[in-house]
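Enquirer: Attaching a single structure in structure tokens format; questions to follow.
The values are calculated or read from the model by the stated rules, or taken from the named source; none is laboratory data. Bear in mind the structure is a predicted one, so any value in this text is a computation, not a measurement. Cβ placement follows ideal geometry from the backbone for every residue including glycine, while neighbour counts extend to all protein chains displayed.
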Amino acid sequence: MLVRMSKVEITGPRQALLPVLETIQHAEVLQIDPEIRERIDEHAALEVRPLALDGRTLAERLFLEDLSLKVERLLALLPKVGTRESYLSASRAVNSIAALVGKHLEAAEARAKRRDALHGELAQLGRYTMFLSTVASLVPKGPEAAGLEFIGVEVRDPAALEQLTRVAGKLLLGAEVRTARAEDGTYIGLLTTEKDLASRLKEGLRGNHIPEIALPSYLEGLSLPEKLRATRERQDELSSEVAAIDKAAHDFAVSWRNLYENVQGWLRQRLALLRTSASVYETDRCFVLYGWMPSAGLEGLRKSLAAKHGETVLVEEREILQKDLDEVPVAFRNPPYFRPFELLVKLLPTPRYTSIDPTPFIGIFFPLFFGMILGDIGYGVVLLAAAAGLIRFAKDRRVLRQAGQILLVASTYTIIFGALYGECFGDWGARLIGLETPLIDRRTSIIPMLYFALAVGAVHVLVGLALGFVSALKGHRKREALFRMFSMLALLCIAGVAASYFAPVAALLRRPLLMAMMVIGPVLLLTGGLLAPFELLRHLGNIVSYARIMAVGLASVLLAYVANRLAGAAGSVWVGVTVAVVLHAFNLLLGVFAPAIHALRLHYVEFFSKFIETGGRPYEPLRKVE
């Protein structure tokens, strides 16, 4: 259900503002809204003005914001390590931290800058090592190499190798090209020519945009083996320096990170209060703040403020006016069974305060539709085990835990409908565990299943219209409420007339129902306008859309039967088991997503459109900053 909210006004001495805000922050119940001041009844309004921060408070805010930015930058540079708990009070350590953070930040940034430079050089040296190692495999050995110059180039596109050979031959007749593939997949080309002709070849390569790989200056004049050895020695030297920097950063984080995190937490709390003060009003001697909070917590907040700040701080509840209804924040509060289904509701825009919380209804109908579509004992047991595991191992991840709880309920309905359909991994249950007398066989009872799905859809749509009727009454929209009510009556009459052609007893009601429709039609036009007939047709179309429950379920059960037939025709026990497991796993995967998507679609499009009014504001009280 939607939590009943109260509009409150809190007044107190100006010097008590920040302590009062701190108490409210710890209570986590009040959403401060300065715009309420413009909607207060003029007869009950105080003569107030926006709070003007004194110089001391403004200076504190600027100081703390600058300090918070520095601490945040420092923490981003420190490794996350297991640190010992700091027993130093964060509020008392702020001045000391303010004096140290500049020096610590400068040192951390210098370490990070040097580490980045070293990693960049190491990456370059890795390329040099790979290049030199590849070249070493191409260079001729012994006397054959005397008097020759070797030029190495890197070719990333294999198609360019032919171009390299053609360009080299064109530039210098007799230039030899050897190629090899490096470890990273690129190609290294080695061009061999006489030393006195090497400069001409290099210049020609540059002119054709095939530059020679340039090595660091400290490798000049060294032989190829010496270049490789010098490169590897440099890599070892840089790696040792990186390890030393990382150790220094780790040691510093072990000593200081916890204290800085505690101070940052305190800074966020304090800054949240100072920023909130910009939403406060004042008189000559008092502060005045306005906000929204759950009505059930009003008395508790009043007592808490009185206990900590005396009777000088007053909490008064103001009347919620008609013009306030669009601005009242929305909070959900549901019993434990329905609470996980709030996850599905929050996928949509927040409903208005005058609307109705759809959580209990999606908690009832979503698992029902899911079970009707999947309806297999075997699949239900597998999903039940998966849901239990998800709940157990996702205790600290709220969204995953809620998804597991929803799946737990949906899988239970799947097992129940599986027993009604007589299905356990298709017809495996009928053949091996005796499920031979199902209440309904979905493979052959297509028309009865269609009627059943449409009947469920009619009930669902009528419930949605009934909720829309209630929501319109809450919002004081009488004409819309009448339109919703007569739309329900029209649908009931249409359903009765349709049933009269299938049930002989109902034929006696056909004439009265048609006469009732003649009365309901003009009322619908008066309350819903010229588009009322189209709206009624839309409701009928919504009901027809529930046929997907039968169609998707039929596809699932037929795929399960096909899996069993293919497994039986495999001619080998192991091949048959493998085929069955693969096909049933695929069907189960579809059986999770297809029922969930279609059940949600029936709620979001066909059901919620009947009564939910979006555009509400989520309830966001002043909280302690994590």
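Enquirer: Only residues that are of a type in the set (A, V, I, L, M, F, W, C), crowded, with 17+ Cβ neighbours inside 10 Å and at pLDDT below 85: list them for segment 450-475, please.
Expert: Result: Ala472, single match.
Enquirer: Under the condition of being in contact with a strand residue (DSSP E or B) (Cβ under 8 Å, 6 or more places away or on another chain) and not aliphatic (A, V, I, L, M), which residue from segment 340-357 is surrounded by the most Cβ atoms within 10 Å (Cβ to Cβ)?
Expert: Filtering segment 340-357 down to residues in contact with a strand residue (DSSP E or B) (Cβ under 8 Å, 6 or more places away or on another chain) leaves 342, 345, 348-353, 355-357.
Those left that are additionally not aliphatic (A, V, I, L, M): 342, 349-353, 355, 357.
Numbers: Glu342: 17, Pro349: 12, Thr350: 19, Pro351: 22, Arg352: 22, Tyr353: 26, Ser355: 23, Asp357: 21.
It comes out as Tyr353.
Enquirer: When you scan segment 298-320, do you find a residue that is under 33 Å from the mean Cα position of the chain (by Cα) and either free of Cβ contacts under 8 Å to residues at least 12 places away in the same chain or assigned to a strand (DSSP E or B) (or both), even just one?
Expert: No, every residue in segment 298-320 fails to be under 33 Å from the mean Cα position of the chain (by Cα) and either free of Cβ contacts under 8 Å to residues at least 12 places away in the same chain or assigned to a strand (DSSP E or B) (or both).
Enquirer: Which members of segment 489-505 meet the condition of being part of a helix (DSSP H, G or I) and modelled with pLDDT under 75? Spell out the reasoning first.
Expert: Quick first cut of segment 489-505, residues part of a helix (DSSP H, G or I) only: 489-500, 504-505.
Listed by number, the residues that qualify are Ala499, Ser500, Pro504, Val505.
Enquirer: Further question: Before we move on, is Thr134 part of a helix (DSSP H, G or I), modelled with pLDDT of 75 or more, more than 30 Å from Ser68 (Cβ to Cβ) and among the β-branched types (Val, Ile, Thr)? Reasoning before the result, please.
Expert: Working: part of a helix (DSSP H, G or I): yes; modelled with pLDDT of 75 or more: no; more than 30 Å from Ser68 (Cβ to Cβ): yes; among the β-branched types (Val, Ile, Thr): yes.
No.
Enquirer: Can you tell me how many residues in segment 603-626 are touching a helix residue (DSSP H, G or I) at 6+ places or on another chain (Cβ under 7 Å) and part of a helix (DSSP H, G or I)?
Expert: So the answer is 4.
Enquirer: Now a separate question. Taking segment 358-397 as the region of interest, how many residues are closer than 22 Å to Met550 by Cβ, buried (at least 18 other Cβ atoms within 10 Å of the Cβ) and either free of Cβ contacts under 8 Å to residues at least 12 places away in the same chain or among the hydroxyl-bearing types (Ser, Thr, Tyr) (or both)?
Expert: First, the residues of segment 358-397 that are closer than 22 Å to Met550 by Cβ: 361-362, 364-380, 383.
So of that shortlist, the ones also buried (at least 18 other Cβ atoms within 10 Å of the Cβ) come out as 361-362, 365-380, 383.
Checking which are either free of Cβ contacts under 8 Å to residues at least 12 places away in the same chain or among the hydroxyl-bearing types (Ser, Thr, Tyr) (or both) leaves us with 379.
Of the residues in that region, 1 qualify.
This table checks each residue for (1) more than 17 Å from Gln25 (Cα to Cα); (2) hydroxyl-bearing (Ser, Thr, Tyr); (3) crowded, with 19+ Cβ neighbours inside 10 Å.
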{"site": "Glu233", "(1), (2), (3)": "yes, no, no"}
{"site": "Ala253", "(1), (2), (3)": "yes, no, yes"}
{"site": "Trp292", "(1), (2), (3)": "no, no, yes"}
{"site": "Arg302", "(1), (2), (3)": "no, no, no"}
{"site": "Val313", "(1), (2), (3)": "no, no, yes"}
{"site": "Val328", "(1), (2), (3)": "yes, no, yes"}
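Enquirer: Further question on the same structure: If I filter segment 603-626 down to residues being touching a Phe, Trp or Tyr at 6+ places or on another chain (Cβ under 8 Å) and at pLDDT 85 or above, which single residue comes out as farthest from Gly528 (Cα to Cα)?
Expert: My answer is Tyr619.
Enquirer: Within segment 1-20, work out how many residues are touching a helix residue (DSSP H, G or I) at 6+ places or on another chain (Cβ under 9 Å) and assigned to a helix (DSSP H, G or I).
Expert: To start, the set of residues in segment 1-20 that are touching a helix residue (DSSP H, G or I) at 6+ places or on another chain (Cβ under 9 Å) comprises 1, 3-10, 12-13, 16-20.
Going one step further and asking which of them are assigned to a helix (DSSP H, G or I), we end up with 16-20.
Of the residues in that region, 5 qualify.
Enquirer: Find the helices (runs of 4 or more DSSP H) located wholly in segment 506-602 whose residues include 1 or more that are at pLDDT 75 or above, surrounded by 14 or more Cβ atoms within 10 Å (Cβ to Cβ) and over 35 Å from the mean Cα position of the chain (by Cα), and list them. Step through it out loud before you land on a result.
Expert: Numbers: elements: 510-528, 532-544, 547-568, 573-601.
It comes to 510-528, 532-544.
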